[in-house]
Amino acid sequence: MLYYLKHAWRLAAVLASTPALLPAQSDGATPAQLARVDSLFRRWDNTQSPGFAVGVSRDGRILLERGYGMADLQYGLAITPASIFHVASISKQFTAFAVMLLAQDGKLSLNDDVRRYVPEVPDYGRRITIRHLMQHTSGLRDQWVLLRLAGWRADDLITEEDVLWAVGRQRATNFAPGEEYLYSNTGFTLLAVMVKRVSGKSLREFAEERIFRPLGMGATHFHDDHTMIVPNRTSAYQQKPNGGWRISIPVFDTYGATSLFTTARDLLLWERNFADGKAGGLPLLAEMQQEAKLNGGDGTAYGLGLAVGNYRGLRTVGHGGADAGYRADVVRFPDEGGRGGLAVAVLCNLAPINPSQLTRQVAEVFLGDRMAPLPARPASVELAESELAKWAGVYRNPVTDEVRRFSVREGKLALGQSGGPSLTAIAPDRFVMPDAGSEYRFAAPSPSAVQATLTAEGQRPVTFRREPPFKPDAAALSGYAGRYRSDELDVVYDVSAADSGLVIKHPKLGTVRLQPLFPDAFQGSGETIGFLAQFTRDAKGRLDGFLASAGRVRRVRFEKHVPVLYPAVSPHSSAP
């Protein structure tokens with residue numbers, strides 16, 4: 001109560017927004033611990049900012065519940081521990097758990113072929129199992145990126161039928177099942193479809209009956225109707241470039257990969273289930289937390305709907321989520337305390353925020369004396385611009401088509417051409433990111449074979465190879481102009497030459513500008529989407545299409561058709 005006496009505005013807002021709800025109690029944490037946690041969120045704890053709901057438990061017993069900032073800026077409603085948030089990908093562990101309950105019931109096996117239950121998935125000649133979906137090792141292209149490439153706007157309504165439509169059109173996967181780990185929301189939407197087809201109940205109904213009700217999670221549900229009124233629901237926001245906030249709420253009528261509505265308080269009840277096994281039983285819950293292995297034996301740092309890892313020497317299990325203006329993270333340190341360990345939930349309604357960083361900072365308040373010291377930041381070295389310039393250029397990972405561009409800006413090597421973070425040199429060939437959590441190491445076996453290897457704790461090294469420079473003139477650029485169609489996306493892009501690059505025109509995507517990267521490859525960037533376009537040629541060297549890659553989607557095929565109808569765009573043109 002002292003907390004609310006110090007923040008009279010919050011007490012008034014809490015009582016106005018939820019008259020029946022008493023101020024959250026914080027029995028279990030010491031005053032010093034409460035003060036340290038409050039300090040982490042103080043900058044957002046006012047009536048002009050969205051904010052956070054925070055909960056901490058040990059062995060299933062609440063240590064701390066807090067609300068900071070506002071649930072709704074329009075109506076002046078404060079966040080409380082009982083405020084309901086859309087928690088995005090935290091949903092995935094509940095979807096996986098529902099499928100595992102069906103396997104426990106004998107109604108399916110995690111090693112079953114996905115097409116047995118969802119025949120809309122094309123036959124790629126390789127068996128994709130339910131387990132592959134749950135571990136992000138299926139190779140299926142990600143639904144959100146596919147729909148965006150197909151012309152969906154960020155605020156368009158997206159349904160389960162839309163996802164099935166996109167999945168059914170794909171002619172290839174990103175990789176063979178089990179060969180790689182690549183996060184894919186598609187798999188978890190398909191798991192939700194399976195629950196409905198196998199159990200005869202929607203995932204929302206099944207989870208309510210088998211998970212949420214038994215665990216007392218009365219404020220939690222899978223949200224399958226974006227028009228549904230949800231009392232005590234938070235709004236979500238993104239900061240405008242010139243200050244202030246704008247509403248940013250996802251419009252989904254699809255769930256499984258996302259769309260769980262819950263509270264910090266309910267998530268702590270779920271975390272307690274990993275200790276007592278009230279729902280599902282302890283063997284099933286233990287299986288969820290086992291790290292998946294790839295075909296070659298490498299670990300993935302992911303189990304079944306749960307990320308498994310380590311923070312400052314302590315084992316962690318949890319998941320984060322981000323959709324529109326919502327951000328959330330829940331993490332459990334299973335070995336700290338009794339059988340239940342220590343759990344931290346941080347839910348917020350403002351972007352951009354890194355909630356996983358905050359959950360770990362909160363955990364440090366309670367476990368700091370048990371954690372390994374933070375690694376010392378490497379000493380920096382001064383390098384001449386000539387030494388930095390030899391690493392500048394465009395690099396590409398030949399497996400994933402991820403691109404990194406390095407340039408010299410203000411005496412430092414930096415990511416990107418004109419924006420992006422500057423790197424700190426710790427050796428002539430080693431550079432760390434600003435947070436010192438990852439490092440690029442360069443090597444040049446020969447002038448034509450320069451490479452950069454990205455390393456980060458808990459992740460496999462990723463190597464990028466420098467590509468030759470590419471500066472096409474106006475005549476060369478005009479050769480790329482044309483109309484390109486993707487049958488996999490059922491979409492047409494019109495490409496025209498513009499200044500030193502290309503422009504894609506689409507009625508819903510707007511104007512996407514393509515800048516040359518390396519021979520026959522352009523980087524597309526616009527307000528709605530960005531991707532790598534690698535143009536292809538036939539046996540006679542004529543341009544016949546391009547392959548589009550964007551993060552979790554690789555090499556979607558576009559075929560060249562009739563010439564474009566739009567004229568070239570000059571820098572002084574008023575055309576969009």
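With the structure loaded, tell me whether residue 101 is at pLDDT 95 or above, within 30 Å of residue 336 (Cβ to Cβ), more than 24 Å from the chain's Cα centre (by Cα) and in the same structural domain as residue 340 (by TED's automatic domain parsing) or whether it fails that test. Criteria met by residue 101. Between 123, 155, which is free of Cβ contacts under 8 Å to residues at least 12 places away in the same chain and either within 19 Å of residue 322 (Cα to Cα) or of a type in the set (Asp, Glu) (or both)? Residue meeting the stated conditions: 123. Among residues of the stretch 40-78 being touching a residue at least 40 places away in the same chain (Cβ under 8 Å) and of a type in the set (Asp, Glu), the one that is farthest from residue 334 (Cα to Cα) is 72.
Does the stretch 290-318 hold any residues that are within 18 Å of the chain's Cα centre (by Cα) and assigned to a loop (DSSP other than H, G, I, E, B), and which are they? Can you show your working first?
We begin by selecting, within the stretch 290-318, every residue within 18 Å of the chain's Cα centre (by Cα); these are 300-309, 317-318.
300, 301, 303, 304, 305, 306, listed by residue number.
Any residue in the stretch 344-364 that is aliphatic (A, V, I, L, M), farther than 30 Å from residue 82 by Cβ and at pLDDT 95 or above? Before you say what the answer is, go through the steps one by one.
Taking the stretch 344-364 and keeping what is aliphatic (A, V, I, L, M), we get 344-347, 350-351, 353, 358, 362-363.
Keeping just the survivors that are farther than 30 Å from residue 82 by Cβ gives none.
No: zero hits.
Any idea how many residues of the stretch 198-210 are more than 25 Å from the chain's Cα centre (by Cα), assigned to a helix (DSSP H, G or I) and surrounded by 15 or more Cβ atoms within 10 Å (Cβ to Cβ)? So the count comes out to 6. Screening residue 225 with (1) at pLDDT 95 or above; (2) loosely packed, with under 15 Cβ neighbours inside 10 Å gives one miss only, at (1). Taking the criterion of being modelled with pLDDT of 90 or more and not acidic (Asp, Glu), the residues of the stretch 439-448 that qualify are 440, 441, 442, 443, 444.
Among the residues of the stretch 538-547, is there at least one that is in contact with an Asp or Glu (Cβ under 6 Å, 6 or more places away or on another chain), over 17 Å from residue 400 (Cβ atoms) and assigned to a loop (DSSP other than H, G, I, E, B)?
Yes; the residues of the stretch 538-547 include at least one that is in contact with an Asp or Glu (Cβ under 6 Å, 6 or more places away or on another chain), over 17 Å from residue 400 (Cβ atoms) and assigned to a loop (DSSP other than H, G, I, E, B).
Of the residues that sit in the stretch 35-73 and are assigned to a strand (DSSP E or B) and among the charged types (D, E, K, R), which one is surrounded by the fewest Cβ atoms within 10 Å (Cβ to Cβ)? Steps first, please.
Step one: filter the stretch 35-73 for residues assigned to a strand (DSSP E or B), giving 50, 52-58, 61-68, 70-72.
Right, trim to among the charged types (D, E, K, R) and you get 58, 61, 65-66, 72.
On the way: 58: 20, 61: 14, 65: 25, 66: 26, 72: 20.
Among residues in the stretch 35-73 that are assigned to a strand (DSSP E or B) and among the charged types (D, E, K, R), the one surrounded by the fewest Cβ atoms within 10 Å (Cβ to Cβ) is 61.
Listed here are the residues, each with its yes/no results for (1) acidic (Asp, Glu); (2) over 12 Å from residue 392 (Cα atoms).
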site: 420; (1), (2): no, yes
site: 428; (1), (2): no, yes
site: 431; (1), (2): no, yes
site: 435; (1), (2): yes, yes
site: 451; (1), (2): no, no
site: 457; (1), (2): yes, yes
site: 466; (1), (2): no, no
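Matching residues to (1) of a type in the set (A, V, I, L, M, F, W, C); (2) part of a loop (DSSP other than H, G, I, E, B); (3) not assigned by TED's automatic domain parsing to the domain that holds residue 489:
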residue	(1), (2), (3)
131	no, no, yes
134	yes, no, yes
137	no, yes, yes
152	yes, yes, yes
164	yes, no, yes
167	yes, no, yes
181	no, yes, yes
192	yes, no, yes
196	no, no, yes
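Where in the stretch 472-520 are there strands (runs of 3 or more DSSP E), lying fully within it, with 3 or more residues that are touching a helix residue (DSSP H, G or I) at 6+ places or on another chain (Cβ under 9 Å) and surrounded by 17 or more Cβ atoms within 10 Å (Cβ to Cβ)? Answer list for the stretch 472-520: 491-498. Does the stretch 339-354 contain any residue that is outside the structural domain of residue 286 (by TED's automatic domain parsing), surrounded by 18 or more Cβ atoms within 10 Å (Cβ to Cβ) and within 28 Å of the chain's Cα centre (by Cα)? Among the residues of the stretch 339-354, not one is outside the structural domain of residue 286 (by TED's automatic domain parsing), surrounded by 18 or more Cβ atoms within 10 Å (Cβ to Cβ) and within 28 Å of the chain's Cα centre (by Cα), which makes the answer no. Can you find a residue in the stretch 110-123 that is in a helix (DSSP H, G or I) and surrounded by fewer than 22 Cβ atoms within 10 Å (Cβ to Cβ)? The answer is yes, given that some residue of the stretch 110-123 is in a helix (DSSP H, G or I) and surrounded by fewer than 22 Cβ atoms within 10 Å (Cβ to Cβ). Scanning the stretch 77-92 for residues that are surrounded by 24 or more Cβ atoms within 10 Å (Cβ to Cβ) and polar (S, T, N, Q) yields 80, 83, 91. Taking the stretch 355-378 as the range and being surrounded by fewer than 22 Cβ atoms within 10 Å (Cβ to Cβ), among the small types (Gly, Ala, Ser) and closer than 20 Å to residue 33 by Cβ as the test, only 368 passes. I need the full set of residues from the stretch 471-491 which are in contact (Cβ under 8 Å) with a residue 60 or more places away in the chain and of a type outside the set (Gly, Ala, Ser), in order please. Within the stretch 471-491, 480, 483, 484, 485, 487, 488, 489, 490, 491 qualify.
The values are calculated or read from the model by the stated rules, or taken from the named source; none is laboratory data. Computed from a prediction, not measured in an experiment: that's the story for all the values here. We place every Cβ from the backbone using ideal geometry, glycine too, and count neighbours over all the protein chains shown.
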